[in-house]
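The values are calculated or read from the model by the stated rules, or taken from the named source; none is laboratory data. Only a predicted model underlies this, so the values are computations on that prediction, with no experimental measurement involved. Neighbour counts run over all protein chains shown; Cβ positions are idealised from the backbone, glycine included. Just the protein is used for accessible areas: all its heavy atoms, side chains included, with ligands, DNA and RNA removed. Shrake-Rupley method; radii C 1.70, N 1.55, O 1.52, S 1.80 Å.
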Amino acid sequence: MLPLFSKQTFWYSSEMEKTSLFLDACHGKNTKRPPIWFMRQAGRYLPEYQALRSKHTFVEMIHTPELAHEVTLQPIKRYGFDAAILYSDILVIAEPFDIYFDFIEGKGPQLRNYHDDIHDLINKLTASPDFDVFSYVYETIRELKLSLKSTPLLGFSGSPFTVACYLIEKQSSKTFSTIKSLIEESPDLVHKLLKILTDTTIQHLKNQINSGVNAVQIFDTWGAILEGDLYHSFSLNYIQQIIKAIKPLNIPIIVYSKNTHQRINDLISLNPTVLSVDWNSSLDKIAKDYPTLCLQGNLNPHILHDSKEEALLQAKTICNEMKNSQRFIFNLGHGILPKTPLSHVEAVVNYVKSL
Ligand code: CP3
């Protein structure tokens with residue numbers, strides 16, 4: 001077990017962080033322009049990322065603190081984003097059980113250690129988790145905190161259901177039909193899997209926070225494939241457990257959820273510090289319905305990719321709608337697309353920074 005670092009982290013953990021627009025917005029107290037950062041801001045649209053990536057696999061890059069450190073800083077150096085996000089992946093979470101993903105060019109994640117069925121998978125996950133395997137993550141965070149100075153650093157995890165989708169399917173899928181059938185056939189086994197992932201995620205997030213991250217984001221990309229009560233019991237329920245466990249550590253918790261514009265009330269009932277939504281949700285409407293909620297979003301990354309003019313128009317609409325809000329963080333509605341032109345990103349960042 002890694003020694004847990006003794007540093008206690010509060011929202012404003014140092015003098016310099018008092019100047020953070022991002023943390024101010026999380027706190028509902030930002031009276032200046034909106035802070036801006038992008039999901040997947042460290043990625044393939046950046047030539048400096050591609051240069052490193054041509055020499056290393058993604059798995060090598062995230063597992064090597066020097067490289068993860070450098071890649072995390074690349075978008076901060078180029079665009080001066082108002083927050084950095086740790087370069088890692090939500091699918092590393094099973095590593096303490098010796099379960100690894102590879103990332104295949106053009107195909108996405110692929111489970112390296114195959115399991116025969118969910119019984120076999122759960123068997124592997126009942127071993128006692130070895131968090132020492134994450135020392136590369138915590139070392140990267142500590143190094144980043146030294147380099148970032150006043151820019152806050154986000155840690156993150158996937159929602160247990162989103163991670164379970166990949167563990168069960170063993171790769172990306174458009175429908176994740178295997179986990180859906182399993183929920184019908186063996187709901188108790190799926191709950192068992194989700195509970196283990198939840199406990200591991202809580203520990204990993206606590207370790208990230210104790211290593212120095214200033215906020216955490218939980219990525220719930222696939223929860224919306226579940227309907228009605230299933231969404232509550234197999235997805236929301238476990239995000240709720242994570243939030244409950246992390247809240248006492250007193251840093252902002254952002255919940256990002258995709259395709260959940262009809263489930264905003266449910267997400268708000270989780271009591272996150274910030275709700276991050278995709279472009280199908282209306283920030284304006286949510287802000288009116290929930291005036292004390294902090295919001296993050298929600299420029300369509302396809303528009304950012306396709307047209308600078310259209311992206312600027314949409315960015316202006318979003319910023320106008322949120323003009324008087326002290327609790328708004330400008331972001332995309334999902335990760336930036338790998339082929340997004342640099343000039344489009346630059347135009348949007350410059351616009352938001354000019355406000
Ligand atoms: O925002 C950030 O850049 C922080 C780091 C981060 C990555 N992935 C880096 C990454 C985070 C927070 C994620 C989250 C993630 N990973 C999610 C949830 C959010 C979402 O995008 O829906 C999911 C479902 C994954 C799983 C995953 N990782 C997939 C499906 C893929 C392949 C698709 C792709 O974009 O290539 C990855 C690989 C991945 N994760 C890359 C990056 C920068 C691309 C790696 C490369 O080839 O260089």
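Annotations for the structure displayed:
- More than 18 angstrom apart: percent of Cα pairs within the range 276-323: 26 percent
- Solution diffusion estimate, µm²/s, Stokes-Einstein, the range 116-238, Kirkwood Rh from C-alpha pairs, 20 °C, viscosity 1.002 mPa s: 136 µm²/s
- The stretch between residue 133 and residue 306, if pulled fully straight at 0.36 nm per residue, gains 58.3 nm over its current Cα-Cα span.
- Nitroxide proxy distance, nm - points 7 Å out along Cα→Cβ at residue 189 and residue 105: 3.7 nm
- Residue 195 contributes about 90 Å² of solvent-accessible surface, heavy atoms of the protein only, 1.4 Å probe.
- Relative compactness, the range 28-135, computed as alpha-carbon Rg over 2.2 N^0.38 Å: 1.32
- Helix axis angle, 135-148 relative to the chain longest principal axis, alpha carbon, degrees: 10 degrees
- Annotation for the range 297-355: trypsin sites (Lys or Arg not before Pro) lying in DSSP loop with at most 16 further Cβ atoms inside 10 Å of their Cβ are 323, 339.
- For the range 24-71, a crude dipole built from +1 on the beta carbon of Lys and Arg and -1 on the beta carbon of Asp and Glu, taken about the Cα centre, is about 300 debye to the nearest 20.
- Given 11 as the ceiling on other Cβ atoms within 10 Å, longest exposed-site-free region of the chain for chymotrypsin sites (Phe, Trp or Tyr not before Pro) in DSSP loops: 115-355
- Taking a Cβ cut-off of under 12 Å around residue 261, the surrounding Lys, Arg, Asp and Glu residues balance to a net charge of +1, with basic ones at +1 and acidic ones at -1.
- For the range 285-355 and the range 121-178, distance of Cα centres in Å: 27 Å
- Charge tally around residue 21: other residues with Cβ under 9 Å, Lys/Arg +1 each, Asp/Glu -1 each, net 0.
- Rounded to 5, percent antiparallel among DSSP beta bridges of the chain: 15 percent
- Angle of helix 187-211 to the longest C-alpha principal axis of the chain, folded into 0 to 90 degrees and rounded to 10: 50°.
- Seen from every direction in turn and averaged, the convex hull around the alpha carbons of the range 130-188 projects onto 6.2 nm².
- Surface accessible to a 1.4 Å probe, residue 72 within the full protein complex, Å²: 0 Å²
- The chain: calculated mean residue ellipticity at 222 nm from DSSP helix runs of at least 4, using -39500 (n - 2.57): -13000 deg cm²/dmol
- The amide H of residue 260, built 1.01 Å from its N in the peptide plane, has 278 as neighbours under 5 Å, considering only residues 5 or more places off or on other chains.
- Alpha-carbon Rg/Rh ratio, for the range 184-329, with Rh computed the Kirkwood way: 1.00
- When GluC sites (Glu not before Pro) are flagged only if DSSP places them in a loop and at most 12 other Cβ atoms lie within 10 Å, the longest unflagged stretch of the chain comes out as 228-355.
- Debye intensity ratio I(q)/I(0), log10, the chain, q values 0.11, 0.14, 0.15 Å⁻¹ (C-alpha model): -0.71, -1.22, -1.42
- Lysine pair number, Cα distance threshold 20 Å (strictly under), the range 201-349, separation 8 or more or different chains: 9
- Each of 29, 145 has its accessible area taken with a 1.4 Å probe; listed largest first, they run 29, 145.
- Once the Cα-Cα distance is subtracted from the 0.36 nm per residue extended length, the residue 44 to residue 120 segment shows a gain of 23.8 nm.
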